[in-house]
Amino acid sequence: LHDALPISILNQKVNGQPLVYFDNGATSQKPQVVLDAITQYYSEINANIHRGVHTLSQLATDAYEASRAKIQRHLNAKNPHEIIFTAGTTHGINAVANGFAALLQSGDEILVSAMEHHSNIVPWQMLCERTGAVLKVIPMNENGELILSEYESLLSAKTKIVTVNHISNALGTINPVEYIIQKAHAVGAAVLIDGAQATPHLKPDVQALDCDFYVFSGHKVCGPTGIGILYGKEEWLDRLPPYQGGGEMIATVRFEKTTYADLPHKFEAGTPNIAGGIVLGTAIDYLNEIGFEAIAAYEQELLEYATQKLEQIEGLRIIGTAANKTSVISFNIGNIHPYDIGTIIDKLGIAVRTGHHCAQPIMDFYQIPGTVRASFAFYNTKEEIDTFVAAVERSLSMLK
Ligand code: PMP
């Protein structure tokens with residue numbers, strides 16, 4: 001898979017050493033087809049969409065809408081207008097949380113999990129402040145798995161929305177979202193799934209999952225930054241008020257009253273990231289060409305190989321040992337600060353993330369300041385893992 005299609009940024013030296021890029025959880029690298037598609041858009045059909053009768057505008061609009069339809073098929077959504085282009089996961093979650101302000105009453109409850117990214121915590125806290133709703137937390141165990149019996153006892157008629165990640169960015173845990181959705185629906189609550197970390201590794205089927213909302217970011221699936229997707233069931237998107245007002249999202253505007261456009265435009269105010277939307281379709285095609293089954297199987301091999309090698313390092317503790325886990329390894333070694341390891345191995349050409357990974361409640365749970373996180377993609381190799389493990393060992397000899 002490493003040589004599947006060229007990703008030229010990977011073939012460079014950083015600090016005089018061949019780059020080993022293990023920060024895929026933060027963002028993915030971009031294949032040549034994606035870079036070419038960006039250039040092609042701006043050099044051949046750049047124009048504003050949905051606005052002009054002229055040919056370029058129609059070409060740009062057609063390409064943008066074709067990409068929406070592609071993403072609809074990828075997620076197996078029922079309708080293309082259930083696919084909203086956003087700036088990314090954070091934008092998608094904020095759009096839904098903001099919409100729920102109109103539906104919640106004081107005392108209603110919102111359930112988040114103990115392993116959420118800050119972007120799936122803070123918008124809901126802001127919503128609670130506005131509405132008097134109460135935030136409740138689904139706890140997890142030491143392995144980094146949600147405690148489902150406790151989840152079930154938190155659910156009640158007061159629960160209006162449950163919001164959890166499909167895969168945790170800090171722990172790699174794959175959450176049992178089907179089960180979570182089923183139980184939430186049994187009490188009449190809606191469910192938002194944060195798919196930011198899942199979409200690089202698997203192909204979600206939103207109808208099979210039966211989730212009400214599913215959000216992800218283009219930049220984590222080999223696409224550009226500044227583009228993402230909010231999937232919402234039609235009936236929910238119809239119920240929620242729009243997040244932003246402006247051009248494109250209206251049917252009629254009078255000073256006395258404005259009426260909103262139909263879906264998906266109601267949620268797409270202003271000139272969107274046209275190139276980003278089109279090129280996200282290219283990135284999704286690229287991943288489907290490689291195939292998500294092949295990606296998942298190969299990444300699982302990388303995960304097992306790296307876990308086994310890292311476990312041989314004395315004093316190394318893996319944070320996040322769920323039975324069902326993707327290719328993310330968070331770890332600490334003794335009392336060494338993660339930042340120190342990260343800084344030394346960067347000098348050896350290795351890119352990992354260190355810190356709290358925008359998930360401070362997880363770090364509080366384990367009572368640690370942060371972790372070193374290596375997150376693998378399909379374009380990584382076992383040889384790179386060998387280089388990485390040797391670099392970690394070398395950093396230890398300097399830090400101990
Ligand atoms: N949720 C999770 C699980 C994530 O990993 C991330 C990105 N690290 C986000 C949300 C936020 O995504 P973005 O910054 O692209 O909006």
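The values are calculated or read from the model by the stated rules, or taken from the named source; none is laboratory data. Keep in mind the model is a prediction, meaning the values are calculated, not measured. Virtual Cβ from ideal backbone geometry, glycine too; neighbours counted across all protein chains shown.
Assess whether L230 counts as being more than 16 Å from the ligand (Cβ to nearest atom), modelled with pLDDT of 95 or more and either buried (at least 18 other Cβ atoms within 10 Å of the Cβ) or within 25 Å of the chain's Cα centre (by Cα) (or both). No: the conditions fail for L230. For L171, the criteria (1) outside any helix (DSSP H, G or I); (2) in contact with a strand residue (DSSP E or B) (Cβ under 9 Å, 6 or more places away or on another chain); (3) surrounded by fewer than 23 Cβ atoms within 10 Å (Cβ to Cβ) hold in every case but one, which is (3).
Here A157 meets the list (1) of a type in the set (A, V, I, L, M, F, W, C); (2) surrounded by fewer than 17 Cβ atoms within 10 Å (Cβ to Cβ); (3) assigned to a strand (DSSP E or B) almost entirely, failing just condition (3).
Elements of the type helices (runs of 4 or more DSSP H) sitting completely within the stretch 297-400 and holding at least 2 residues that are more than 23 Å from the chain's Cα centre (by Cα) and at negative phi: these cover 338-347, 382-399. Filtering the stretch 194-202 for residues that are touching a residue at least 12 places away in the same chain (Cβ under 8 Å), within 16 Å of the ligand (Cβ to nearest atom) and assigned to a strand (DSSP E or B) leaves a non-empty set.
The rows are residues; the columns are (1) within 19 Å of Q300 (Cβ to Cβ); (2) in contact with a Phe, Trp or Tyr (Cβ under 9 Å, 6 or more places away or on another chain); (3) at pLDDT below 95; (4) hydroxyl-bearing (S, T, Y).
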position	(1), (2), (3), (4)
T321	yes, no, no, yes
K325	yes, no, no, no
P338	no, yes, no, no
A351	no, yes, no, no
I362	no, no, no, no
Q367	no, no, no, no
G370	no, yes, no, no
Y379	yes, yes, no, yes
V389	yes, no, no, no
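Within the stretch 172-193, residues that are over 15 Å from L154 (Cβ atoms) reach partners that are modelled with pLDDT of 95 or more and of a type in the set (S, T, N, Q) with beta carbons closer than 6 Å, at six or more positions or on different chains, in the pairs G172/T326; I174/N324; I174/T326; L192/T163. Taking first residues from the stretch 104-119 that are in contact (Cβ under 8 Å) with a residue 12 or more places away in the chain and within 11 Å of K136 (Cβ to Cβ) and partners that are within 16 Å of the ligand (Cβ to nearest atom) and in a loop (DSSP other than H, G, I, E, B), the Cβ contacts under 7 Å between residues at least 6 apart in sequence or on separate chains come to V112/I121. The one condition from (1) outside any helix (DSSP H, G or I); (2) within 15 Å of the ligand (Cβ to nearest atom); (3) of a type outside the set (F, W, Y) that G107 does not meet is (2).
Do we find a residue being closer than 30 Å to D212 by Cβ and over 24 Å from the mean Cα position of the chain (by Cα) anywhere in the stretch 26-43? Checked the stretch 26-43: no residue is closer than 30 Å to D212 by Cβ and over 24 Å from the mean Cα position of the chain (by Cα). Just name the residue that is nearest to the ligand (Cβ to nearest atom) out of those in the stretch 203-223 that are touching a Leu at 6+ places or on another chain (Cβ under 7 Å) and aliphatic (A, V, I, L, M). Restricting to residues being touching a Leu at 6+ places or on another chain (Cβ under 7 Å) and aliphatic (A, V, I, L, M), the top hit is V215.
The condition (being more than 21 Å from N324 (Cβ to Cβ), acidic (D, E) and not in a loop (DSSP other than H, G, I, E, B)) is satisfied by just one residue among E256, E235, E248: E235. Going by the structure shown, is A60 under 30 Å from G132 (Cα atoms), modelled with pLDDT of 95 or more and not β-branched (V, I, T)? No; evaluated as a whole, the condition is false for this residue.
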